[in-house]
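Everything on this sheet refers to the single structure shown next.
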Amino acid sequence: MYSQSFSLQFSLEETITRVISSRQITAMDKQQLKNAFLGHETLAEDEITLIDRILYGVRHGILEIVD
């Protein structure tokens, strides 16, 4: 159980970092963020804040949606 949580945590952090640094979000990134929100693990407050920033960036044209 710990390794799954750690793996999800690590890949979520990687995804958030990649999206913010590249200013682009792919369909795979969107799916991973959706899975994190809908998953059984509880997200930390800072993770929710970062995901909110990504959503803000998409809404305001700061992040580009690519496929």
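Values quoted throughout were computed directly from the atomic coordinates according to the rules given, and no laboratory measurement underlies them. From a predicted model like this one, the values you see are computed outputs, not experimental measurements. Neighbour counts are summed over all protein chains in view; Cβ atoms, including those assigned to glycine, are modelled from backbone coordinates with ideal geometry.
Quick one: how many residues across segment 33-49 are among the polar types (S, T, N, Q) and surrounded by 10 or more Cβ atoms within 10 Å (Cβ to Cβ)?
Going through segment 33-49, the residues among the polar types (S, T, N, Q) turn out to be 35, 42, 49.
Those left that are additionally surrounded by 10 or more Cβ atoms within 10 Å (Cβ to Cβ): 35, 49.
Count: 2.
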Exercise. Which residue pairs have Cβ atoms under 9 Å apart, sit 6 or more places apart or on different chains, and have a first residue in segment 44-62 that is assigned to a loop (DSSP other than H, G, I, E, B) and a second that is of a type in the set (Phe, Trp, Tyr) and surrounded by 10 or more Cβ atoms within 10 Å (Cβ to Cβ)?
Worked result: 62/56
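Touching a helix residue (DSSP H, G or I) at 6+ places or on another chain (Cβ under 9 Å), basic (Lys, Arg) and surrounded by fewer than 12 Cβ atoms within 10 Å (Cβ to Cβ), is that true of residue 23? Outline the logic, then answer.
Working: touching a helix residue (DSSP H, G or I) at 6+ places or on another chain (Cβ under 9 Å): yes; basic (Lys, Arg): yes; surrounded by fewer than 12 Cβ atoms within 10 Å (Cβ to Cβ): yes.
Yes.
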